[in-house]
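Down below is the structure, laid out as structure tokens.
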Amino acid sequence: MSEIGTGFPFDPHYVEVLGERMHYVDVGPRDGTPVLFLHGNPTSSYLWRNIIPHVAPSHRCIAPDLIGMGKSDKPDLDYFFDDHVRYLDAFIEALGLEEVVLVIHDWGSALGFHWAKRNPERVKGIACMEFIRPIPTWDEWPEFARETFQAFRTADVGRELIIDQNAFIEGALPKFVVRPLTEVEMDHYREPFLKPVDREPLWRFPNELPIAGEPANIVALVEAYMNWLHQSPVPKLLFWGTPGVLISPAEAARLAESLPNCKTVDIGPGLHFLQEDNPDLIGSEIARWLPALIVGKSIEFDGGWAT
């Protein structure tokens with residue numbers, strides 16, 4: 001594996017969305033179906049910095065910073081999931097994206113799957129990793145992070161940890177990567193949230209995780225897109241690592257059997273932020289998978305045969 005780069009070699013782009021500026025990466029040729037990269041909590045388009053270069057030679061790559069995150073504006077919002085839905089929907093329309101291939105992770109997966117369910121004719125493929133799915137009980141949440149996330153969801157305690165102490169950036173983020181993140185990388189992730197007032201999205205997201213039936217509205221929404229995924233023939237590419245967090249090896253095996261038209265790739269050791277542990281494999285396999293969306297051929301992945 002080559003050394004993992006820390007730089008962010010992309011020119012900034014901005015578009016006005018619902019009265020606010022959203023920042024995004026936009027590189028690669030303008031012809032063909034664009035690839036839309038969606039990050040989650042507590043990250044930004046920086047998460048995709050070592051994956052996009054594998055895809056950009058052949059496809060337009062667009063990676064927004066969700067509203068309130070990265071270099072996007074930070075309006076005074078509650079930052080409920082529905083707020084992110086409104087801004088992402090408007091972002092996609094503002095850029096005039098008629099069709100897309102989605103590459104999604106964490107809450108970016110929930111946003112991407114929810115958009116795909118509502119716009120199935122506009123989705124040509126979905127590559128996903130460590131995605132948001134219903135977690136029936138806390139026993140299925142990784143033991144090493146269980147007490148922390150239960151605290152995040154406890155009134156007052158969670159706000160103290162995340163808003164005042166910046167615990168999601170300083171604690172949860174590095175714990176969910178196998179390798180140690182460098183100070184340069186940590187500083188990139190810290191930069192959007194140096195002020196406590198800007199950390200509202202970091203607190204809201206863990207409080208909307210669909211765990212043990214709560215919150216009910218998010219559980220219903222996630223169950224709905226999971227049902228759609230299990231019926232849709234849209235090509236899917238699932239990356240998983242060992243031991244994983246949201247997607248364990250056992251869960252990946254179940255999904256490989258139950259999701260139609262799904263290819264899987266084992267990235268090796270990985271927790272939640274797989275992009276920080278094996279970005280070159282993820283990027284190269286996405287680049288190899290994209291032509292198959294057009295010609296429907298079988299490809300031999302590093303993780304094994306996929307058809």
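The values are calculated or read from the model by the stated rules, or taken from the named source; none is laboratory data. Quick caveat: nothing in here was measured; it's all calculated off a predicted structure. Glycine also receives a Cβ, built like all others from the backbone with ideal geometry; neighbour counts cover every protein chain displayed.
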Q: Look at Gly171 and say whether it is over 20 Å from Asn41 (Cα atoms), modelled with pLDDT of 95 or more and outside any strand (DSSP E or B).
A: no
Q: Could you tell me whether the range 45-56 includes any residue that is under 26 Å from Ile135 (Cβ atoms) and among the basic types (Lys, Arg)?
A: no
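Quick grid of which residues meet (1) out of contact with any Phe, Trp or Tyr (no Cβ under 7 Å at 6 or more places or on another chain); (2) free of Cβ contacts under 8 Å to residues at least 40 places away in the same chain:
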position: Thr154; (1), (2): yes, yes
position: Gly158; (1), (2): no, no
position: Phe168; (1), (2): yes, no
position: Ala172; (1), (2): yes, no
position: Val177; (1), (2): no, no
position: Val184; (1), (2): yes, no
position: His188; (1), (2): no, no
Q.
Return the pair list, or none, for Cβ contacts closer than 7 Å from residues in the range 220-232 that are touching a residue at least 60 places away in the same chain (Cβ under 8 Å) and closer than 21 Å to Asn261 by Cβ to residues that are among the hydrophobic types (A, V, I, L, M, F, W, C) and in a helix (DSSP H, G or I), at least 6 apart or on different chains.
A. Val222/Ala110; Tyr225/Phe113; Leu229/Phe113
Q | Options Glu121, Glu147; residue that is over 21 Å from the mean Cα position of the chain (by Cα), acidic (Asp, Glu) and within 29 Å of Lys263 (Cβ to Cβ) | A | Glu121
Q: Among the residues of the range 150-177, write down those that are more than 21 Å from the chain's Cα centre (by Cα) and at positive phi.
A: Asp156
**Q.** strands (runs of 3 or more DSSP E) enclosed by the range 183-302 - at least 2 residues per element that are at pLDDT below 95
**A.** 299-301
Q.
Of all residues being surrounded by 21 or more Cβ atoms within 10 Å (Cβ to Cβ) and aliphatic (A, V, I, L, M) in the range 256-273, which is farthest from Ile286 (Cα to Cα)? Just the residue, please.
A. Leu271
Q | Residue match in the range 95-109 (condition: more than 23 Å from Lys263 (Cα to Cα) and without any contact (Cβ under 8 Å) to a residue 40 or more places away in the chain) | A | yes
Q.
Out of the residues in the range 124-144 meeting the condition of being part of a helix (DSSP H, G or I) and not hydrophobic (A, V, I, L, M, F, W, C), tell me which one is nearest to the chain's Cα centre (by Cα).
A. Glu140
Q | Condition met for Ala110 (assigned to a helix (DSSP H, G or I), over 24 Å from Glu276 (Cβ atoms) and touching a Phe, Trp or Tyr at 6+ places or on another chain (Cβ under 9 Å)) | A | no
Q. If you scan the range 22-68, which residues turn out to be part of a helix (DSSP H, G or I) and in contact with a Cys (Cβ under 7 Å, 6 or more places away or on another chain)?
A. Ile52, Val55
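Residues are listed down the side, and each one gets a yes or a no for (1) surrounded by 15 or more Cβ atoms within 10 Å (Cβ to Cβ); (2) closer than 16 Å to Glu185 by Cα; (3) touching a residue at least 24 places away in the same chain (Cβ under 8 Å):
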{"site": "Pro12", "(1), (2), (3)": "no, no, yes"}
{"site": "Glu20", "(1), (2), (3)": "yes, no, yes"}
{"site": "Tyr24", "(1), (2), (3)": "yes, no, yes"}
{"site": "Ile51", "(1), (2), (3)": "yes, yes, yes"}
Q.
I'd like to verify a number: residues in the range 141-169 that are surrounded by 15 or more Cβ atoms within 10 Å (Cβ to Cβ) and closer than 22 Å to Gly270 by Cα, how many?
A. 8
Q: Residue by residue through the range 77-100, note down the ones that are assigned to a loop (DSSP other than H, G, I, E, B) and surrounded by fewer than 18 Cβ atoms within 10 Å (Cβ to Cβ).
A: Leu77, Asp78, Phe80, Gly96, Leu97, Glu98, Glu99
Q.
If I filter the range 149-160 for residues that are under 26 Å from Ile286 (Cβ atoms), at pLDDT 95 or above and of a type in the set (Gly, Ala, Ser), do I get at least one hit?
A. no
